[in-house]
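First comes the structure, then the notes that go with it.
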Amino acid sequence: MTPRDLLRLLPLFVGTLVVPLDGMVNVAFPSVLAAFGLEVPQIQWLVICYVLTYGALLLAVGRIGDVFGHARVFRFGLAWSALAFVACALAPSYGALLVARVLQGVGAALVLGCGPALATGLFPEAMRVRALAAYAAGLAAGGALGPLLGGLVVQGLGWQAVWWVRAPLALVALALARRLRTPPRDGAREPFDLAGAVLLSAAVAFAVLAVNRAPATVSLVLAAAATGSGIGFVWRSGRSAHPIIDLGLFRRPGFAALNLANMLVHLAGFAVMLLAPFYLARVLGLPPVLLGLVLGANALGAMAGASMGGWLVPRRGARAVAAGGAVLSAAGLLVVGLGGPVGLLMAALAMQGMGIGLFTLAYTDVVTATMRRQDRGVAGSLTQLTRTLGVVSAASLLTLLFGATEAGRLALGATAEEAFLTAFRRVFLVVAPLPLVALLFLPPRVTPRGG
């Protein structure tokens, strides 16, 4: 893209930046645990409250953007996010912080749910892949900055600063986004299916909580609630002239499998941000600044992968690019799990990030091409939702695996460091093959709309 094209995307870049900069929070995990006297497994709720909220709302927000205007919803999300950041920074207890994280999740859904649609809407359809690649690279750049900035602010200003510094950024983005406009719709505005949105959000929320609470009995109750809400959503969608998402898309050859593959890749990839900060701090003894620098290699790899994907997808095809990304991600996770010196870990993290960047770009382009142009908000939200389901599943399942392994080793008389290392390695050895498993779900092709 030309510098002038990138300048058109500047308000979107700056506005969306407030979401991937949440990588600062991962660097603050050890400090938050110390501040509130928590154990490692409890940190999962800092992730789940936030990700569960925006995951449950994403498709509904995407549809709201399609109906009422993506730019309007995007700006409202920035204003909401600024207030939520202040609430997080001022939280007097861990419970209050979790409530504020829910509010932050609402703002993230409003911003992310309309970002891809705004990016593609600013350019002709022939530039769709390049616009998506530039948008994905911007998200990855924020992901790269997050851990580095997080290390600086946590070390210099305390854990609360990972939220304080984003409040003014959201307001600056809001000012830049004043002139951002949604392209005019073809035809009359379609109605918004509120009942369908509520049922869908409930189904996603209950499903994620069911995974989190497994194997406790309450998990079965939550799973039943998720199933009931899901059935209700399918029933409602079949009777609505304008449903939240056209469920007929999932009957297209390969479409459902492709979304499952994206979920698996991100489930595996989140092991990095969930557990690597503790390895770098406890085992290698890195201070927050260096810890953030090492983690930033992962996001820099993702940025490079997204940029490369914008060039490779039109030339090699989305399936080949996604397959290459899955292989790179698996290799990077395996090396991280085996451990080693800082230089080797940074190279492995960069490799895994590049794989994620390539896979995500290819997947996003296929989903966007498959859906109607006037449904781009839902298309972009679907790509974020499958990623989010993978992340929340990882936060629940991998924390459970880590905790059980660590407790088992401690019961056998291992030292705390030995127990931690065994649990860390086991988690990465479990997740490393998952991107390769995702290859089995990559279809030869996905039938595009009108195809």
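Points worth noting:
- Relative contact order for the chain, counting Cα pairs under 8 Å that sit 6 or more residues apart, in percent: 24
- For the peptides 304-316, 230-242, 262-274, residues were scored by their other Cβ atoms within 10 Å and the scores averaged per peptide; the highest-first order is 262-274, 304-316, 230-242.
- Each peptide among 133-143, 38-48 gets the average number of other Cβ atoms lying within 10 Å of its residues, and from highest to lowest they stand as 133-143, 38-48.
- With the simple spin-label model, which puts each label point 7 Å out from Cα in the Cβ direction, the residue 338 to residue 194 separation comes to 5.7 nm.
- Estimated FRET transfer efficiency (residue 404, residue 179; beta-carbon r; R0 56 Å; 0.05): 0.60
- Potential lengthening between residue 217 and residue 42 on full extension [0.36 nm per residue; Cα-Cα distance subtracted]: 61.1 nm
- Theoretical gain in end-to-end length, residue 234 to residue 4 [0.36 nm per residue, Cα-Cα removed]: 78.4 nm
- Applying 1/(1 + (r/R0)^6) with R0 = 45 Å to the Cβ-Cβ distance of residue 320 and residue 93 gives a FRET efficiency near 0.35.
- On Cα atoms only, tilt of 217-239 relative to the major axis of the chain in degrees: 10
- Charge dipole (debye, nearest 20) of the chain; +1 at Cβ of Lys and Arg, -1 at Cβ of Asp and Glu: 1240
- Only protein atoms count toward the accessible area here, which uses a 1.4 Å probe; on segment 88-147, the carbon and sulfur part of that area reaches 77 percent.
- Using C-alpha pairs below 8 Å separated by at least 6 residues, the relative contact order for segment 243-346 is 27 percent.
The values are calculated or read from the model by the stated rules, or taken from the named source; none is laboratory data. None of the values given here were measured: they were computed from a predicted structure. Here the Cβ is made from the backbone with ideal geometry for all residues, glycine too, and neighbour counts use every protein chain on show. Quick note on the areas: whole protein, heavy atoms, side chains included, nothing else; ligands and nucleic acids left out. Shrake-Rupley method; radii C 1.70, N 1.55, O 1.52, S 1.80 Å.
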